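Here the structure is laid out as structure tokens; the discussion comes afterwards.
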Amino acid sequence: MKLFGSTFLRKKNKNRGKSTEEELFQQQDITKYYSRQVDENKKHLGELFKGTFDFKCESIKIGGLKGYITYISTMINKNELSNRVLQAATNRQTDQSFRDMVEMRELYFPSIDYKVSKNFHQVVWSVLNGEVVIMVDGYMEALTLDIGLPQQRAISEPSTQTIIRGPKEGFVEALPVNIQLVRKRLKNPRLRFEVFQIGSDSKTNVALGYINDIVNEDLLCEVRERINKVDVGALLDSGNVEEFIADKSFTPFPLVYNTERPDSVCGHLLEGKMAIIVDGSPFVLTVPTLFVDFFQASEDYYQPFIMASFVRMVRYSSFMIALLLPSLYVAISTFHHELMPTQLLISIQAQREGVPFPAVIEIMIMELSFEVLREAGVRMPRVVGQTVSIVGALVIGQAAVEAGLVSNVLVIVVAFTAIASFVSPIYNFSIATRLLRFVVIFSASFMGLYGVLLFLIMMVIHLVSLRSFGIPYLAPVAPFRPKDQDDVFIRMPIWKNKKRPSYLYPKTPVRIKDQYKPGPPKPMGDQR
Amino acid sequence: MKNILVEKLSLWQLFILIFIFEIGSAAVVSTGNDAKQDAWIALGVAMIFGLGIGLFFHFLLSRAPGKNLFEIFQLCLGKWMGGALIIMYILYFIYIASRVLRDFCELITSFIFEQTPVEFVAITMVVVIIYMLYLGIEVMGRTSEIFIPYFFSFIIIIGIAVFISGEMEFTNLLPILGEGIKPVVKAVFPQLLTFPFGELIAFTLIIPYTSEFKKSKKIILLAVFASGLILIYNAILQIATLGVQMRARSNFPLLSSAREISLLEFIERVDLIVVFIVMYGIIIKVGVFFYGALKGLELLSKRPYRMHVVPLGAIITFLSVKISDNFAEHIEEGLIVVPMFLHIPFQFILPLLILPILLWKTKKSKEGRE
Amino acid sequence: MNRKPFLLLVICMGFLTGCWDRVELNDISIVTGLAVDKGKEMKYKLTVEIVNASQFSKSQMGGEASPAITYSLEGNSVSELVHKMNIGITRRLIFSHTRVLYIGEEVAKEGVLEFLDYLDRSGQFRNDFNIVITQGEKAEVFTKITYPVQKVPSLKMHKQTQSFIEEWGGDPGVRLTDFISAVTSLGRNPVAAAIKLKGDPKKGSSSENNQSLDIESLVEMNGMAVFQDDKLVGFLDLTDTRNYYWTQELKNTSLSVPCAKQDEAKSRDQLFNDLRVTETYTQLKVDLKSGRPVLKVKITGETRIEATQCPDDITKIETYNKFEKQTNEFVANEIQKTIEKVQEEYGADIFGFGEVFNRQHHKEYKKVEKNWDEVFAQAEVEVESDLHLRRSGIRAKSFISEIPKQD
């Protein structure tokens, strides 16, 4: 028992070790060896981190020797850096020589946690980890100092995208912190952040993040171009950028995805998308955006895939319900009485007996008053919010029915629609349903179900013609790509999800090469 | 960037378009009534001929790669003769488009909206089609990709639901070929051959623009075959549900069959599903003919076809309303006049006449190249 | 391209479209029953039965209003009358929920085709209402007999026939399309269910009828009506109806089969096996025997013993075999009798043997197609029953066999 347990463990460890550092670096053919010439090392690092604005490699003199101090500025505590590292290195005028790095540390930075890196990839790794690396000319090793993460405002839970299971960190307003939140999760030297300054008055920093060896070059150029074209006085939130870079403004559907969750941004980056982080906004945009993105919550990837798939189905159907239920009610109750079973028709008719309005007006009144309530609930100070909901429930629910102004069924319809419209994991997607719902109700009131169908077909034509940065909005469904279906309507298990979505034309289409499938350990006789 | 942006009709989209196009109105209006209970056999026979028709059109196009039918006309007959022929074809396509549209208007006004004027239905439908064509043929392809699962599964589900409701009498299909092969032949020629299979002629203006022309042959054959199977399934469903006489008496037998569905005392009266199938089928069908006419205009006027979408749409709407005074006239024209005097010349005779000239011309150019 | 005029057009269209077919629920009355009688002065007298929906809402319970209203008019065609009903009724009528069509005996005798065409042609009527012929009283009377559980008369009728078909099968289960295709087919004649009234029609029409335990007036199923083409020629009783339905699409029924051969004894003194028949399936065939058609009925299915009055030991295989044999003889005999009765009395092929013949022997059928009914009336009938007795409830031996014999 023990024996086979340990084999199992060893195997697992082997796998894990392989797929992290070494393999990653081998894949990207980074020089293995740390050179005695610091300039050479600097050159290699510069190539590797090309285009990354927060990568710093500054020359210092230490012990009379030429050296470089390397770090990623968003990942370290700047105070600590200047107080404990830079000052210590420069204040010491004694040109004491040292045998090796360990000795150097003893002399200059005795109080800092350290490591000695002998390989080049260890250096890169440390830099990505938020450590400061000091390379000195003539030595075969580099010194890595851990001075800790930067100080920041407390990172709180995202307020718009709450989940039950999964990381509870959310983006904040500060750009460096947001970048750090992403970098903490993706320790890939190819993860790049380019910075733009936008806004003639505000000069806001906008960072464009992507993983260089995944993202498609053409897409990247297009996004860069569009960000450069943004011409605005002041950029106050990522919402401003969103309107400038979207392919089309005259559409109720959001063409740019926004999120407060670093894990969700990382997921998108890994698929081959790009992230746009605007200084001063906790909402990070990811592009290109697809229709299906709005039905995928990051929690889908943290819970069993069967459950996640089921929940996804629920989301799609509640989208349809939120869009169509009120109009179906109008259409059926005013045009197609024959569609209802007799008993149902009689009981609905009985309830509508004495209601003074036509069904359309009735439902419009209710929908509008619900919209008013919702808006009031959002803007109200939290303290008064309770009152609004109580008054609303009383007015909408009971009083209206008892006064005979609206029928019972209608209240059920409106309430269910409202609940269904809250299901969408991204708030601004439900805006589309909210608006379109009124259009369908109108069209249903003129033409019944024929009108609803006409509307649906029009809507699909519109959706199909939309593009986000050139990528068709309904991508894996239309144009249909059978290979990309594993994460659309259902979520396949993660170990099966080996390919990146092909509709984004990623440079490296494969995520994981290894065919690893979880299962119980093989019995001993079967080890071959 | 641009390489991603430029998108042609994919083969899968072509397949779907042909599939929906073929089933479109043929599934709804009663076809092959001459063959009585053997209507499904007639459809099968017609389908086999349909495969031949598809092959023929593809062969025609493959002689002059990258050119559509109208360009071939101009190639073969010169600018003026070719132009005249193209105008005739444009008129033919417009006429057929408005006929198909009228079919649907009749269905809506006799089944669902008894008091709504035909004009209204025609206008609303054309607005949708105009919008779709204005955005391009790829949008039509992609929209179909979204709707095909519903389209397909509804057709299948109707059959299953009728069956579960216990309304099917497979004995209605007997006796098979009771009166010999004659009625079947009568049903196939010329009616079933031209409608729906001969109407593939409109696709000669779309196929050259697909992403891979070489593979399109297989796709055409597959699509014709698949749609033929669905039509056979559909005919069997109608005959088994309604019986021969009732089917012949129904203006829209599929709708009448769907009316028989009654499940769980709750799912009944679902003819609206059929209306959906029809509606989308009609949109595609009118859209494809419409597109054919537009392509002709584009070639003649040398302006992008988007310029002509709205005026031509208006013409189609007007025609579809004015085309016939009453339903009987509409159907009689459709069953007798149109197949003999429009379908056969435009679908078979003219292309067949063009073929030798085309072979001669392309032979010359090929030799010249060598 | 300038898109504005186009957009404007679309928007205008949206507002200009009237709402041609729009009817609010408050403006309609749901018709559940239609009754056609012979008119006094004109051709027909049509009675509609309308649901009074407000009587069914939870909040307005306790009102004394009636659950349904009826109204009659005379005229020459049903379709005109249908649209003229507002002479006395406030709202527009919708007929898509019609549950029962009552046809008076007198009208049925003169032919029903003339008004069935309207029902068939109109998109409003569905193919899910019962067609019943009323015996004894006028058809309109039946739309007025209320019932405490299902207060609307036609809903009651509809539910009743449905349950009856599922439980015992004494209703021919005819719908409009069945009826019409039977009329148009030369190889089949139509049938329809028949009902009669028990009790006083006056009392049944007030809702007080709902307040007594012993309902004073009640609509009962009474077999079926046989038509020759579209004209009523006669009636069959309930048992015959069941047997007729057995040749068509019966699924379940119950039988009392005498278990001892005591032909002379009165049925009162006889002992019976009570059998429940389930999953039966009937096959009709017409074979040619020396040029003459022979009508063949083959019944298969399963039965189980629900009760027995016989002292036989049910644990034995022989008993099962014996019972099975008795049952099959009994069933074959019953159905044979029914078919022969129809042959003799009406000479109308209501079973659809003609259609079967057409499918099997198309050429021979074509020869006799025109006078098929005569051929049918003289044809030989062979009924074969192959019912299997499978089980006997939750007891094995009956306690009857355990009682010590007294003599």
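Just one residue in the set A:Val133, A:Val182, A:Val116, A:Val124 is outside the structural domain of A:Val215 (by TED's automatic domain parsing), part of a helix (DSSP H, G or I) and of a type in the set (A, V, I, L, M); that residue is A:Val124. A count restricted to the stretch C:72-111 and to residues that are small (Gly, Ala, Ser), outside any loop (DSSP other than H, G, I, E, B) and more than 27 Å from the chain's Cα centre (by Cα) stands at 1.
Within the stretch B:294-309, is even one residue under 30 Å from B:Tyr150 (Cβ atoms) and surrounded by fewer than 20 Cβ atoms within 10 Å (Cβ to Cβ)? Looking for residues that are under 30 Å from B:Tyr150 (Cβ atoms) and surrounded by fewer than 20 Cβ atoms within 10 Å (Cβ to Cβ), one finds at least one in the stretch B:294-309, hence yes. Only one entry of B:Phe19, B:Phe59 meets the criterion of being aromatic (Phe, Trp, Tyr), in a helix (DSSP H, G or I) and closer than 25 Å to B:Ile239 by Cα, and that entry is B:Phe19. As a summary of the residue check, C:Phe376 satisfies the conditions (1) closer than 15 Å to C:Lys296 by Cα; (2) in contact with a Lys or Arg (Cβ under 9 Å, 6 or more places away or on another chain) except for the one numbered (2). Scanning the stretch C:35-58 turns up one or more residues that are facing another protein chain (nearest Cβ under 9 Å), modelled with pLDDT under 85, assigned to a helix (DSSP H, G or I) and touching an Asp or Glu at 6+ places or on another chain (Cβ under 9 Å). Being surrounded by fewer than 20 Cβ atoms within 10 Å (Cβ to Cβ), among the aliphatic types (A, V, I, L, M) and in a helix (DSSP H, G or I), is that true of even one residue in the stretch B:38-51? Yes, the conditions are met somewhere in the stretch B:38-51. Of all residues in the stretch C:311-364, those that are assigned to a loop (DSSP other than H, G, I, E, B) and in contact with a Cys (Cβ under 8 Å, 6 or more places away or on another chain) total 1. Going by the conditions given, is B:Leu200 more than 14 Å from chain C (Cβ to nearest Cβ), closer than 30 Å to C:Asn358 by Cβ and either part of a helix (DSSP H, G or I) or among the acidic types (Asp, Glu) (or both)? Judged against the criteria, B:Leu200 is not a match. Filter the stretch A:338-378 for residues that are buried (at least 21 other Cβ atoms within 10 Å of the Cβ) and under 15 Å from C:Arg22 (Cβ atoms); which is farthest from the other protein chains (Cβ to nearest Cβ)? Within the stretch A:338-378, the match that is farthest from the other protein chains (Cβ to nearest Cβ) is A:Ile363. In this structure, does B:Glu212 turn out to be within 14 Å of chain C (Cβ to nearest Cβ) and either of a type outside the set (S, T, N, Q) or at negative phi (or both)? Here the answer is no, as B:Glu212 does not meet what is asked. In the set A:Asn212, A:Asn216, only one residue is out of contact with any helix residue (DSSP H, G or I) (no Cβ under 8 Å at 6 or more places or on another chain), farther than 20 Å from A:Phe171 by Cβ and polar (S, T, N, Q); that residue is A:Asn212.
Output the residue which, of all residues in the stretch A:230-243 that are surrounded by fewer than 16 Cβ atoms within 10 Å (Cβ to Cβ) and closer than 13 Å to A:Gly199 by Cβ, is nearest to the other protein chains (Cβ to nearest Cβ). Step by step, filter the stretch A:230-243, then rank; the result is A:Asp231.
Being in contact with a helix residue (DSSP H, G or I) (Cβ under 6 Å, 6 or more places away or on another chain) and crowded, with 18+ Cβ neighbours inside 10 Å is a property that holds for A:Ala478.
When the helices (runs of 4 or more DSSP H) confined to the stretch B:267-370 are screened for residues that are within 14 Å of chain A (Cβ to nearest Cβ), those reaching at least 1 such residues are found at B:271-301, B:309-322. Within the stretch C:347-364, residues that are among the β-branched types (Val, Ile, Thr) sit with their Cβ atoms under 6 Å from residues that are surrounded by fewer than 24 Cβ atoms within 10 Å (Cβ to Cβ), at 6+ positions apart or across chains, in these pairs: C:Val356/C:Leu284; C:Val356/C:Val286. Taking the criterion of being within 17 Å of C:Thr241 (Cβ to Cβ) and surrounded by 16 or more Cβ atoms within 10 Å (Cβ to Cβ), the residues of the stretch C:316-340 that qualify are C:Val331, C:Glu334, C:Ile335, C:Gln336, C:Thr338, C:Ile339. Can you confirm whether the stretch A:48-59 contains a residue that is assigned to a loop (DSSP other than H, G, I, E, B), surrounded by fewer than 16 Cβ atoms within 10 Å (Cβ to Cβ), touching a strand residue (DSSP E or B) at 6+ places or on another chain (Cβ under 7 Å) and not assigned by TED's automatic domain parsing to the domain that holds A:Arg183? For the stretch A:48-59, residues assigned to a loop (DSSP other than H, G, I, E, B), surrounded by fewer than 16 Cβ atoms within 10 Å (Cβ to Cβ), touching a strand residue (DSSP E or B) at 6+ places or on another chain (Cβ under 7 Å) and not assigned by TED's automatic domain parsing to the domain that holds A:Arg183: present.
Is it fair to say B:Ile112 is more than 8 Å from chain A (Cβ to nearest Cβ) and in contact (Cβ under 8 Å) with a residue 12 or more places away in the chain? Walk me through how you get there before you give the answer.
On the way: more than 8 Å from chain A (Cβ to nearest Cβ): no; in contact (Cβ under 8 Å) with a residue 12 or more places away in the chain: yes.
No, not satisfied.
Within the stretch A:420-428, is there a residue that is part of a helix (DSSP H, G or I) and within 14 Å of chain B (Cβ to nearest Cβ)?
Narrowing the stretch A:420-428 to residues part of a helix (DSSP H, G or I): A:420-421, A:427-428.
Subsequent filtering for residues that are within 14 Å of chain B (Cβ to nearest Cβ) retains none.
No: the stretch A:420-428 contains no residue that is part of a helix (DSSP H, G or I) and within 14 Å of chain B (Cβ to nearest Cβ).
Output the residue which, of all residues in the stretch C:285-312 that are surrounded by fewer than 21 Cβ atoms within 10 Å (Cβ to Cβ) and touching a helix residue (DSSP H, G or I) at 6+ places or on another chain (Cβ under 6 Å), is nearest to C:Gly354 (Cα to Cα). Once the filter is applied, the top-ranked residue is C:Asp312.
Against the condition surrounded by fewer than 22 Cβ atoms within 10 Å (Cβ to Cβ) and under 25 Å from A:Met447 (Cβ atoms), how does B:Val270 come out, does it pass?
On the way: surrounded by fewer than 22 Cβ atoms within 10 Å (Cβ to Cβ): yes; under 25 Å from A:Met447 (Cβ atoms): yes.
Here the answer is yes, as B:Val270 does meet what is asked.
Test B:Met246 against the criterion of being within 12 Å of chain C (Cβ to nearest Cβ), buried (at least 20 other Cβ atoms within 10 Å of the Cβ) and not in a loop (DSSP other than H, G, I, E, B), and give yes or no.
Working: within 12 Å of chain C (Cβ to nearest Cβ): yes; buried (at least 20 other Cβ atoms within 10 Å of the Cβ): yes; not in a loop (DSSP other than H, G, I, E, B): yes.
Considered against the rule, which asks whether it is within 12 Å of chain C (Cβ to nearest Cβ), buried (at least 20 other Cβ atoms within 10 Å of the Cβ) and not in a loop (DSSP other than H, G, I, E, B), B:Met246 comes out as yes.
Going through (1) closer than 22 Å to A:Ser281 by Cα; (2) outside any loop (DSSP other than H, G, I, E, B) one by one, A:Glu173 falls short only on (2).
Check the stretch C:122-133 and report whether any residue there is among the polar types (S, T, N, Q), in contact (Cβ under 8 Å) with a residue 40 or more places away in the chain, in contact with a Phe, Trp or Tyr (Cβ under 7 Å, 6 or more places away or on another chain) and buried (at least 18 other Cβ atoms within 10 Å of the Cβ). Quick ask: steps written out before the conclusion?
To start, the set of residues in the stretch C:122-133 that are among the polar types (S, T, N, Q) comprises C:122, C:124, C:127, C:130.
Cutting the leftovers down to in contact (Cβ under 8 Å) with a residue 40 or more places away in the chain gives us C:122, C:127, C:130.
Going one step further and asking which of them are in contact with a Phe, Trp or Tyr (Cβ under 7 Å, 6 or more places away or on another chain), we end up with none.
No, the stretch C:122-133 has no match at all.
Conditions: (1) under 25 Å from A:Leu270 (Cβ atoms); (2) crowded, with 16+ Cβ neighbours inside 10 Å; (3) modelled with pLDDT of 80 or more; (4) not hydroxyl-bearing (Ser, Thr, Tyr). A:Ala142 meets all but one. Number of the miss? Of everything listed in (1) under 25 Å from A:Leu270 (Cβ atoms); (2) crowded, with 16+ Cβ neighbours inside 10 Å; (3) modelled with pLDDT of 80 or more; (4) not hydroxyl-bearing (Ser, Thr, Tyr), A:Ala142 misses just condition (1).
Within the span defined as the stretch B:157-164, one or more residues are away from chain C (no Cβ under 13 Å) and closer than 19 Å to B:Ser30 by Cβ.
Looking only at the stretch A:480-506, residues that are within 13 Å of chain B (Cβ to nearest Cβ), of a type in the set (Phe, Trp, Tyr) and free of Cβ contacts under 8 Å to residues at least 60 places away in the same chain come to 1 in all.
Pick out the one residue from B:Leu101, B:Leu91 that is more than 10 Å from every other protein chain (Cβ to nearest Cβ) and over 21 Å from B:Ile20 (Cβ atoms). Reasoning before the result, please.
On the way: B:Leu101 fails: over 21 Å from B:Ile20 (Cβ atoms).
That would be B:Leu91, the only listed residue that is more than 10 Å from every other protein chain (Cβ to nearest Cβ) and over 21 Å from B:Ile20 (Cβ atoms).
The values are calculated or read from the model by the stated rules, or taken from the named source; none is laboratory data. Because the structure is predicted, anything quoted here is derived from the model rather than measured. For neighbour counting, all protein chains shown are included, and Cβ atoms are generated from backbone atoms with ideal geometry for every residue, glycine included.
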